[in-house]
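First the structure, in the form of structure tokens, and then the observations on it.
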Number of protein chains: 2
Amino acid sequence: MKKHNFSAGPCILPQEVLQKASEAVLNFNDDNLSLIEISHRSKSFVEVMEKARSLALELLGLENKGYKAVFLQGGASLEFLMVAYNLLHKKAAYLNTGTWANNAIKEAKAFGEVLEVGSSKDNHFNYIPKGYTIPEDADYFHCTSNNTIVGTQMKAFPETKVSIVCDMSSDIFSRQLDFEKFDLIYAGAQKNMGPAGTTLVIIKEEILGKVEREIPTMLDYQVHIAKESMANTPSVFAVYVSMLTMQWLKDLGGIKFIEEVNNKKAALLYAEIDRNSLFTGIVAKEDRSTMNATFTLTDVSLKETFDTMWSAAGINGLNGHRSVGGYRASMYNALPLYSVQVLVDIMQELEAKK
Amino acid sequence: MKKHNFSAGPCILPQEVLQKASEAVLNFNDDNLSLIEISHRSKSFVEVMEKARSLALELLGLENKGYKAVFLQGGASLEFLMVAYNLLHKKAAYLNTGTWANNAIKEAKAFGEVLEVGSSKDNHFNYIPKGYTIPEDADYFHCTSNNTIVGTQMKAFPETKVSIVCDMSSDIFSRQLDFEKFDLIYAGAQKNMGPAGTTLVIIKEEILGKVEREIPTMLDYQVHIAKESMANTPSVFAVYVSMLTMQWLKDLGGIKFIEEVNNKKAALLYAEIDRNSLFTGIVAKEDRSTMNATFTLTDVSLKETFDTMWSAAGINGLNGHRSVGGYRASMYNALPLYSVQVLVDIMQELEAKK
């Protein structure tokens, strides 16, 4: 029986996408060749790449608005570097909401002044800083929309004339936002988009070409845009599966549809965390992520019993991040509401046993 | 019917590897989860990564000799940059044997003096330069063992005290070499190792940590070695399929075995190119690649007939690189001798028709 997969990433993908991906590894497009043994410059694969790039813009409502989508390699972690390499002239503003924001800040420091305009480090990053000021002369403002490790999510983004650069690795395609507010969005594929191995970057083209430093070829967004994500051999399989997942989302009704499902899943689980006396949420209520719900047992002596129960129910990936502990239920786009119900049932069973 | 896949890369992989990869996309390790939806820190995947790293060293005979193997992202093109970032203090020597060597030279120039010690540019790179001198004070000597585009291959490597860095993207695991001669070997996976999306780098650890510049986290070999290729989420699927392919090669008898097969395939095809008056080889005979055989028709008016014939015989990927023209038969490890025979038969049929 298929497991209830609450893994934080790589994570659950739609079953029909896995089915198609599995078939493509043996015989792609009925062409008697595997997807992974054809040239990336073959008509079949060029079509996949073009479709992936256009679906990304379409789902976000960013077509014909000066944005380009590229699929790169190296994960969001390489984007921490590329963003600074391509955009940081003198000074950039960063919001520090945890591990990933921190890593982005670290990489940027080699390229200019980095202003930490807000931070929730004082309380283990269990809330999103608010009321911070972004200096008007900053080259850009960088933020992380969702923090997988602790389970916080930005519900609002600042009103500013400064370019907003956003790491949306763990909640892209999960909720409607005014995406035109952002000049650069990047996301490792391995949450709501596809398997690990590719990174989507969406860039408002007009912000590029302004730094004076020489940018190495493979780190230069302008190169990747000009070469349509084929500056070198792309991560073929990961791009293909991402394309399938975006097509699946589009067919379902896009972000508008999935946001409602995601809200239902999150509401169901958080209501139980708040109702059930055996559990406590880890982060500030108003900043709770719809993607990653973190919680602990109020009585740690129940840990073994609870772990045995959810594991026996076919639940996978519920342990919290090693730096936080407790539990983390990741409810990405492909996770059915039913899986959350199974978890909630177990939480209630535990309460009844006690 | 499965095609005879002469694609230059991404290219043919062993059928049994494709079969296992296809199954793993649906159900990995009989765990009721897909390979691509489990945590990269799960026991199952950590084992895959460790096996991939150790198989790479084992196949090359580099175990317990001070080398580390890491699986990165970004392709060999990102290695052009990383090699220079990590190793170039003042001056490096490069051998220019074509497009890829050229690109490596371009990236290195931002980091120090780049000495082109030899070049075959004068004759469209259709031979390997010989008799060049490597200055003893060079930080390293960089070469490309096999040149996919034109079809040349280095049959010998210089005797020098300088560290040899080699891009083996298109012939790694295809032939026995004294691999201890090299201090750094890198290879994009998508030829003899696996699908596109990961890059193998093998590094003699003692050569690292000597440059003074600050190296960005994701470009720092020492970081990737310390984190055992898990500095961030690796390209899970590509690493898994690479591991399977290396295991397949080991089970067959390793490089020693496959080299004999590769030599037979190359001998069969080159003999026909030389014998058949309708065809001419493109590169110097002594530098002919066993991986990529390039040739042209002596009478271009036969092009349409020949193309129709090989295409009808189920041959795929025989067109030459767009910068060279003519034909290119890539005969990587997984290509059966029989496929080469099919091509040779077609060449003889064409001759008989004429």
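The values are calculated or read from the model by the stated rules, or taken from the named source; none is laboratory data. Fair warning: this is a prediction, and the values are worked out from it, not measured in the lab. With ideal geometry, Cβ positions are generated from the backbone for all residues, glycine too; neighbour counts draw on all protein chains shown.
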*Identify the single condition in (1) away from every other protein chain (no Cβ under 14 Å); (2) in contact with a Phe, Trp or Tyr (Cβ under 8 Å, 6 or more places away or on another chain); (3) within 18 Å of B:Ile172 (Cα to Cα) that B:Val70 does not satisfy, given that it satisfies every other one.*
(1)
*Do we have any residue at all in region B:226-239 that's within 25 Å of B:Lys130 (Cβ to Cβ) and of a type in the set (A, V, I, L, M, F, W, C)?*
no
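Mind checking which residues of region B:28-46 are at the interface with chain A (Cβ under 9 Å from one of its Cβ atoms), in a loop (DSSP other than H, G, I, E, B) and not small (Gly, Ala, Ser)?
B:Asp31, B:Asn32, B:Leu33, B:Ile38, B:His40, B:Arg41
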*Of all residues in region B:23-58 being more than 24 Å from A:Gly75 (Cα to Cα) and touching a helix residue (DSSP H, G or I) at 6+ places or on another chain (Cβ under 6 Å), the one that is modelled with the lowest pLDDT*: B:Asn29
*What is the one condition in (1) surrounded by fewer than 18 Cβ atoms within 10 Å (Cβ to Cβ); (2) of a type in the set (A, V, I, L, M); (3) assigned by TED's automatic domain parsing to the domain that holds A:Gly194; (4) touching a Gly at 6+ places or on another chain (Cβ under 9 Å) that A:Leu57 does not satisfy?*
(4)
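Looking at region A:151-170, which of its residues are closer than 20 Å to A:Val324 by Cα and either among the acidic types (Asp, Glu) or part of a loop (DSSP other than H, G, I, E, B) (or both)?
Result: A:Gly151, A:Met154, A:Ser169, A:Ser170.
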*Has region B:105-125 got any residue that is touching a Phe, Trp or Tyr at 6+ places or on another chain (Cβ under 8 Å), crowded, with 23+ Cβ neighbours inside 10 Å and part of a strand (DSSP E or B)?*
no
*Among residues of region B:211-253, those that are in a loop (DSSP other than H, G, I, E, B), surrounded by 17 or more Cβ atoms within 10 Å (Cβ to Cβ) and not charged (D, E, K, R), counted*: 9
*Being among the basic types (Lys, Arg), touching a strand residue (DSSP E or B) at 6+ places or on another chain (Cβ under 7 Å) and either over 26 Å from A:Gln222 (Cβ atoms) or surrounded by fewer than 24 Cβ atoms within 10 Å (Cβ to Cβ) (or both) narrows it down to one of A:Lys181, A:Lys155, so name that one.*
A:Lys181
*Could you tell me whether region A:43-52 includes any residue that is out of contact with any strand residue (DSSP E or B) (no Cβ under 8 Å at 6 or more places or on another chain), of a type in the set (Ser, Thr, Tyr) and in contact (Cβ under 8 Å) with a residue 24 or more places away in the chain?*
no
*Considering every residue within region A:16-25, establish whether at least one is surrounded by 22 or more Cβ atoms within 10 Å (Cβ to Cβ), of a type in the set (D, E, K, R), on the phi < 0 side of the Ramachandran plot and not assigned by TED's automatic domain parsing to the domain that holds A:Asn333.*
no
*How do the pairs read when you match residues in region B:286-305 that are hydroxyl-bearing (Ser, Thr, Tyr) with residues anywhere that are modelled with pLDDT of 95 or more and surrounded by fewer than 18 Cβ atoms within 10 Å (Cβ to Cβ), using Cβ under 7 Å and keeping only pairs 6 or more apart or on different chains?*
B:Thr290/B:Asn263; B:Thr296/B:Thr280; B:Thr298/B:Ser277; B:Thr298/B:Thr280
_Conditions first: (1) in contact (Cβ under 8 Å) with a residue 60 or more places away in the chain; (2) away from chain B (no Cβ under 14 Å); (3) over 14 Å from A:Asp139 (Cβ atoms); (4) surrounded by fewer than 24 Cβ atoms within 10 Å (Cβ to Cβ). A:Leu208 passes all but one, so which condition is the exception?_
(3)
*Kindly provide the set of residues from region B:58-101 that are assigned to a helix (DSSP H, G or I), of a type outside the set (Ser, Thr, Tyr) and over 16 Å from the mean Cα position of the chain (by Cα), ordered by number.*
B:Glu58, B:Leu81, B:Met82, B:Val83, B:Ala84, B:Asn86, B:Leu87
